[in-house]
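Working notes for the structure below.
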């Protein structure tokens, strides 16, 4: 009786593909993995092949990422160094010359509206 119960449970399970010994499934049928010879012609879906190899085909749920803005640079032009002023000028399409005084560079940026 105990053996019958085990057989019934075994039959209820979804069985994986079974083919010739040592053969592997391919979309064209069972094939020898060493020689790539087709041993038995039967078309298999990719889902059946994945099940044979034990590949998990479920798609992972997409993760939601929070978009964070870059922190605002709250430093005033007067607190910036000449190289920072030059970089700010480059962002606004102006090539500032660091040989000028810091005050002239700041005035140039203020005229351009880069404050």
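Values as computed for the structure displayed
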{"item": "Qualifying helices (runs of 4 or more DSSP H) (wholly inside the stretch 33-115; at least 3 residues being in the same structural domain as residue 21 (by TED's automatic domain parsing), modelled with pLDDT under 90 and within 30 Å of residue 22 (Cα to Cα))", "result": "46-53"}
{"item": "Qualifying positions in the stretch 91-109 - over 14 Å from residue 76 (Cα atoms) and surrounded by 11 or more Cβ atoms within 10 Å (Cβ to Cβ)", "result": "92, 94, 96, 97, 98, 100, 104, 108"}
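The values are calculated or read from the model by the stated rules, or taken from the named source; none is laboratory data. Keep in mind it's a predicted model, so treat the numbers as computed, not measured. Cβ: placed from backbone, ideal geometry, glycine included. Neighbour counts: every protein chain shown.
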